[in-house]
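Beneath this line is the structure, given in structure tokens, with notes to follow.
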């Protein structure tokens, strides 16, 4: 009987491990699929921009061939390109957000989503509301080499020029 009990316990542990592994793989696959969908959508939007450029060129030529001023003729196409570029930027932000990243407001370097200061330029960032406990644990797991701020004790990447919490400038 004792042998069967141990086999049942072992089977349960293996089953639990398989279920956990499946969940982890499914979560990561879902994120990769969302990123791929986002990149495909961006590619489609960029194709729309190319079409607007072609239309713009036709419009310019048509206006030119009528002997008119071509300056005001571009408003519609330019506004369409601006709209599509804004949509692409939003999609890129969503891709970064899913990776718990964002761009620095000042230098546009990619930084952690919870960074208060940019590690590259030291600029203070606008706050983004995120579940802090989840982000902190993932950042600690991913950081291979760390730099500890002598002012606030925050942990930053080894290449950081500034502390992401208080803005302390590291001596490099």
Revision key, fill the gap. Pairs returned, first residue in region 68-97 that is at pLDDT below 80, second residue that is surrounded by fewer than 13 Cβ atoms within 10 Å (Cβ to Cβ), beta-carbon separation under 6 angstrom, 6 or more apart or interchain, are 70/64
Practice item. Report yes if some residue within region 77-94 is part of a helix (DSSP H, G or I) and under 30 Å from residue 152 (Cβ atoms); otherwise report no. Key: yes
Exercise for review: Please find, among 47, 41, the residue that is within 30 Å of residue 102 (Cα to Cα) and touching a residue at least 12 places away in the same chain (Cβ under 8 Å).
Suggested key: 41
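I'd like to check something: does region 37-49 contain any residue that is at pLDDT 80 or above, in the same structural domain as residue 76 (by TED's automatic domain parsing) and over 30 Å from residue 74 (Cα atoms)? Give the derivation first.
Pass one, region 37-49, residues at pLDDT 80 or above: 37-49.
Filter again for in the same structural domain as residue 76 (by TED's automatic domain parsing), leaving 37-49.
Pick out the ones that are also over 30 Å from residue 74 (Cα atoms) and you get 37.
Yes, region 37-49 has at least one match.
The values are calculated or read from the model by the stated rules, or taken from the named source; none is laboratory data. Computed from a predicted model, the values in this text were never measured in an experiment. Using ideal geometry, Cβ is built from the backbone for each residue, glycine included, and neighbour counts are taken over all protein chains shown.
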